[in-house]
1. Please go through region 124-149 and give me each residue that is closer than 29 Å to N164 by Cα and of a type outside the set (S, T, Y), ordered by number.
2. Six or more apart or on different chains, Cβ atoms under 8 Å: show the pairs whose first residue is in region 200-212 and within 19 Å of A136 (Cβ to Cβ) and touching a residue at least 40 places away in the same chain (Cβ under 8 Å) and whose second is among the aliphatic types (A, V, I, L, M) and surrounded by 16 or more Cβ atoms within 10 Å (Cβ to Cβ).
3. Given the structure, is G480 within 12 Å of D424 (Cβ to Cβ), in contact (Cβ under 8 Å) with a residue 60 or more places away in the chain and in contact with a Ser or Thr (Cβ under 8 Å, 6 or more places away or on another chain)?
4. Mind checking which residues of region 393-412 are under 26 Å from A509 (Cβ atoms) and either modelled with pLDDT under 75 or of a type in the set (G, A, S) (or both)?
5. Which condition does D422 not pass, out of (1) acidic (D, E); (2) modelled with pLDDT of 80 or more; (3) crowded, with 16+ Cβ neighbours inside 10 Å; (4) within 30 Å of V516 (Cβ to Cβ), if it passes all the others?
6. I'd like the residue in region 54-109 that is outside any helix (DSSP H, G or I) and under 48 Å from the mean Cα position of the chain (by Cα) and, out of all such residues, is modelled with the lowest pLDDT.
7. Which residues, taken from region 570-610, are more than 29 Å from the chain's Cα centre (by Cα), at pLDDT 80 or above and surrounded by 19 or more Cβ atoms within 10 Å (Cβ to Cβ)?
8. What number of residues within region 277-317 satisfy the criterion of being buried (at least 16 other Cβ atoms within 10 Å of the Cβ) and in a helix (DSSP H, G or I)?
Amino acid sequence: MPTYYKYAERNADSQVNWAEIGKGVTDMLQAETEIRRQKKAAIDESTRQFQNKLAEAPQGQFQDGNKFTNNFAHDMMAQQLIDTRLLKSGQMKLQDFTLRRQNYIDGTDQLFDLQKLYQDNYKSTMEGIQSGDLQALTGYNMGSVEGFADFSKSKAVINPYTGNINVGIMKPNAQGVMELTNDVVPVNVIKGKILAKIGAFKVDDAMNATISHLGKEKDFIYQVATNSKAGSIVELMGVGALDNLEKEHPELKGKMGDYKEIINNFNSAIDKTIDGYFSDSYHISSVLTQNTDKYHQDSYTYDKNEASDSSKLLLKINPTSGLPVLDENGPHYKEQVQEARDWVKNQLLSKLDRERNIKVTSTTPYAPQVPEYQYKAGLEKKKDVAITSDIGALWGGSDKQIQQALTAFRDMNSDIQDISRDADGVTVKIKDPDTKKIVTRGLPFKGADGNIMTQEEFIKEAAPLLAGNINAATAIQNGGLLQGAKFNTAGKGRAFVDVGAPEVDVETAFTQKFSVIPNDLFKNTKSGAAADKLTPYFKNTGVIIEPAKFLGNDITLRYKDKSVTINSNQEDDDGAERQKTNLLNFLETIPKADKENILKKLGGANAKLPPCANGKPRDQFGNCVP
């Protein structure tokens, strides 16, 4: 009979060690039990620690704050007990419990720190708004959370579904009982709003950078403004200017065709530039509130009904950042954006006019001068017409036209130290050609009969002092009156004053102070020599001048944390002019208060100063001529 030894062998190999398996299962169950015990102990310990934290919630002398904190701690303890019971009964998953617990802990920490965080950030935020580094929207955003950080008017609310902690505003109902409103915000959102710093758009810096890169396009526009009756780029290209130019100057009818393509191309370039500025919606809100003088912090609202008022700026919450932004669907959004665009465009054009004036003043520093009027010998008649039109603006222009005319006369005649206008007349401080002393001359609007002069009469009276030897009568016949002008009974303006006087125009004074630096300083000049020539202009100003340390033609000028690098070895006049413009743009970034201090150190415009140590005379700004 066969033994089937191989079968028996296989049967032996397949024997199961149940004792070992039983021990493994037992160990596994015991380990699982231990893990559960440890988890339960960890949960209980976490709950105990969190309950202790709530029990030891920060208290102080502020009764409303204590009440707020105690109420929240009581609610949180109750919510914790509910969650723990649900977990232990199996009705809540451990993962959900853990997530909710973390939300409780994070939210509680943020809540207890909320008021301190608000107080710590309030000062720095307000300082940023006052300095212009932060825009008004930051102030509105900060103000919108003020009520939530005021514990006398708010209540902490726990979301029973997510575990997130919120703060809601309390208001009295009809019976005078404080109750929770629908204004409830998560505490992490409030924290984000407190910490948010929405910077102001440095629009002046952006415009200066744009102008410095326009190159030859500027020259074309300068010449068109000169050859046309516009006289200035603002009048040529300002908002609606091109459409009205021929109406205001009938003699130009049919003659602007040669210029329109240049003007339209330049307008298109300006529009694209502004598109780039405003690709960031915060730049729009910044210009509207920081620059147009029409909107401010209180103009913002989230209420669509309230935003029907055109003086209001409708906001919405950006879902990505959680911060407020202008609502493109606001009832007046398009008009408000256009207001911002118009302001930027006019400022860009004004800067172009200003640069044109500085260019001529700095390259031909002898009075009387008229910017750009000498492009061609045949433009003398048009020059006189433009001058008399500016005098007419002093008599009956808008406040803006008055200011532009004052600046134009100050720029074109370096003997004029100060020129101002009020309802009685124009006052000019000017260097007497014979004695070389500064004298004050008045140009009253009233004639000898005590009546207000006509525009034509005033132009004839004022022209000799303001513009020298021009034929005012002929210029008037050729169209030199300011069209449509009526005597401005209230307009005021000032083109230049002594530093320290009540109506200081620091920005204008500061720019003109350094506009006398000759362009040639940046042409075919080594950096060391150029730095030596620049140094006298910046003595006692705090501006540090550093020539290239080794080989090179770069000069770096530093003022505090700002700097600019200029190359002094330009081959042509255009390159030298660009370097001079970069220098002036850099100086414009110096804070206004610092500019005033620098001007005081340099003696202002009309200060009585001792003779120059080098025996040289002083220029019109009080500086010793190098």
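1. L137, G139, N141, M142, G143, V145, E146, G147, F148, A149
2. A200/L134; F201/V287; V203/V287; V203/V344
3. Considered against the rule, which asks whether it is within 12 Å of D424 (Cβ to Cβ), in contact (Cβ under 8 Å) with a residue 60 or more places away in the chain and in contact with a Ser or Thr (Cβ under 8 Å, 6 or more places away or on another chain), G480 comes out as no.
4. If the condition is that a residue be under 26 Å from A509 (Cβ atoms) and either modelled with pLDDT under 75 or of a type in the set (G, A, S) (or both), then A393, G397, S398, A405, A408, D411, M412 are the ones that fit.
5. The number of the failed condition is (3).
6. Q61
7. Hits for region 570-610 are Q570, A576.
8. Qualifying residue count, region 277-317: 13.
The values are calculated or read from the model by the stated rules, or taken from the named source; none is laboratory data. What you are looking at is a predicted structure, and each value in this text was computed from that prediction instead of being measured. All Cβ positions, even for glycine, are placed from backbone atoms using ideal geometry, and neighbour counts span all protein chains on display.
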